[in-house]
């Protein structure tokens, strides 16, 4: 079985069932370096945990593939992190307004994909929100901006203030800067998958801070527990899948305090306001970058529009866990209707009103 038992305190879904594991574990015929081997690794990356289970034809292949995956994620972090000032994205954010910034092919590809997702979601996902993040104090526990601060921050936010063409980028307005939080993990996971497969991995699972990707030749179907948005130790439903990526947005762990009241940490880039905290939302997509960005965008849209979006897309599934009068109401796109089952008396699964 590809996936072992582990309950991860910060993620909004857990993997069922299994047991804990040391930092590196090898299973299979590793002692003789013969036959298929799975290497498990547990470490830190991108300011969160990183867990890998990489299978290969033998020990040397599995080890090389797992190391390649880790190095790929570290490479993405060194390119995209805005928590340090020496990365390429941080240098772009600090580059003088109106002056051309030469992009590496990797960052040019990243920003091209981001631009596509901004357009697809009509701005519900838009990472050029650094002024709004600062105004709301999202990196420092929260604060209430004045109306003037909010208007100025909103005016300086939005992908429209970033011009990208022919391998160059240009910031068009003072203050406009990117936050990688809505796409960085997804890009890191996709890079790790490519790297692992490139070194001969046959199958794998990578979990980066709660976003999971499954890949390879006929990976085993695995059950993921959907966790109560408020009670982190309570699994309310299970969903099974054998490939692609799951990403979740919600506020159970990352909410902020504004004037003494608990608020969502998720911004609507279109209005500059914090979104309504309805529970949690999980997205499945074939690749991790899409799942990462859509989990944020669809949470911003709210359950009804998120489910309608998922129904209209062939490569997207959505499940919403909505708090209602002390219970959890689960609504999912029709493509997941046969994959979800409730496991808690506090939750009920409703059939969505749309069909593909």
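Observations on the structure shown:
- Across the alpha-carbon atoms of segment 88-182, the computed radius of gyration and Dmax are 13.4, 40 angstrom.
- Considering only alpha-carbon pairs that sit under 8 angstrom and 6 or more positions apart, the relative contact order computed for segment 88-182 is 41 percent.
- Once the chain from residue 231 to residue 95 is taken as fully extended at 0.36 nm per residue, the excess over their C-alpha distance is 44.6 nm.
- Kirkwood hydrodynamic radius over Cα pairs of segment 258-347, then Stokes diffusion coefficient at 10 °C and 1.306 mPa s, in µm²/s: 113
- Burial ordering of 327, 232, 290, fewest other beta-carbon atoms within 10 Å first: 327, 232, 290
- Residue 194 versus residue 43: modelled label distance in nm, points set 7 Å from Cα along the beta carbon direction: 2.0
- Neighbour counts of C-beta atoms inside 10 Å place 116, 51, 179 in the sequence 116, 51, 179, starting with the fewest.
- Computed from the C-beta positions of residue 315 and residue 172 and an R0 of 41 Å, the FRET efficiency is 0.80 to the nearest 0.05.
- Distance between the 7 Å Cα→Cβ label points at residue 143 and residue 276: 2.9 nm.
- Separation of the residue 71 and residue 350 label points, Cα + 7 Å toward Cβ, nm: 5.1
Where a number appears in this text, it was derived from the coordinates with a stated rule and is not lab data. Note that the structure is predicted; figures quoted are calculated from it, not measured. Note that we place each Cβ from the backbone using ideal geometry, even for glycine, and neighbour counts take in every protein chain shown.
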